[in-house]
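**Q** Sharing a structure, written as structure tokens. Questions coming.
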């Protein structure tokens, strides 16, 4: 897959999967003729950065659980994703552990009684921070897309917050909106 060939949609990552199925990233990559994998760099409790605290309605620095992953397509790093959860949902669960979750985090959230029903995505283009630039093998002035995704339950509470960073040259995002 070359530059500009990847069209991404969010739906596969918002829908619970069968726990025996391959993860959504691997499935999407295979459907496009590539090989996808992810490496979980860390998981556990951290102090909430400002944007995460705001999404969860917490004070900046309050504890949250994070899972940091590097996504690969055909062995090239193409996305850095930090996924945050409120501690009251994730503490003591597989969300707070380094390791694959059968069916993915969205499936585990559903098993824990938390189902996302609404998602908000804010997208910006900017220059990456140095750790993202290094991880994604970017040049010093190469822009990235940053997607901040907040998933809310039926009570309008945020149950998951994702911050995804990806090389802009490799992405085209697609949104289909049904009205009425």
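**Q** Among the residues of the range 92-115, are any part of a strand (DSSP E or B) and either without any contact (Cβ under 8 Å) to a residue 24 or more places away in the chain or in contact with a strand residue (DSSP E or B) (Cβ under 9 Å, 6 or more places away or on another chain) (or both)?
**A** no
**Q** Would you check if residue 119 is within 23 Å of residue 54 (Cα to Cα), out of contact with any strand residue (DSSP E or B) (no Cβ under 7 Å at 6 or more places or on another chain) and either in contact (Cβ under 8 Å) with a residue 24 or more places away in the chain or in a loop (DSSP other than H, G, I, E, B) (or both)?
**A** Answer is no for this residue.
**Q** Of the residues that sit in the range 138-180 and are in contact (Cβ under 8 Å) with a residue 40 or more places away in the chain, touching a strand residue (DSSP E or B) at 6+ places or on another chain (Cβ under 6 Å) and assigned to a loop (DSSP other than H, G, I, E, B), which one is farthest from residue 73 (Cα to Cα)?
**A** 174
**Q** Considering each residue of the range 82-91, count those that are assigned to a helix (DSSP H, G or I) and surrounded by 15 or more Cβ atoms within 10 Å (Cβ to Cβ), and give that number.
**A** Number satisfying all stated conditions: 3.
**Q** Another question, then. Condition (residue is at pLDDT 95 or above, crowded, with 17+ Cβ neighbours inside 10 Å and under 28 Å from residue 89 (Cα atoms)) applied to the range 120-136: is it met by at least one residue?
**A** no
**Q** Among the numbered criteria (1) modelled with pLDDT of 90 or more; (2) in contact with a helix residue (DSSP H, G or I) (Cβ under 9 Å, 6 or more places away or on another chain); (3) closer than 26 Å to residue 63 by Cα; (4) crowded, with 16+ Cβ neighbours inside 10 Å, which one does residue 157 miss?
**A** (4)
**Q** Also, I was wondering about something else. In this structure, is residue 79 outside any helix (DSSP H, G or I) and in contact (Cβ under 8 Å) with a residue 60 or more places away in the chain?
**A** yes
**Q** If residue 106 passes every condition in (1) buried (at least 16 other Cβ atoms within 10 Å of the Cβ); (2) more than 20 Å from residue 70 (Cβ to Cβ) but one, which one does it miss?
**A** Just one mismatch for residue 106, condition (2).
**Q** Identify all residues within the range 28-57 that are over 21 Å from residue 147 (Cβ atoms) and either in a strand (DSSP E or B) or modelled with pLDDT of 95 or more (or both); write none if there are none.
**A** 44, 45, 47
The values are calculated or read from the model by the stated rules, or taken from the named source; none is laboratory data. Model, not experiment: these values are computed from the prediction. So basically every Cβ, Gly included, is an ideal-geometry build from the backbone, and we count neighbours across all protein chains shown.
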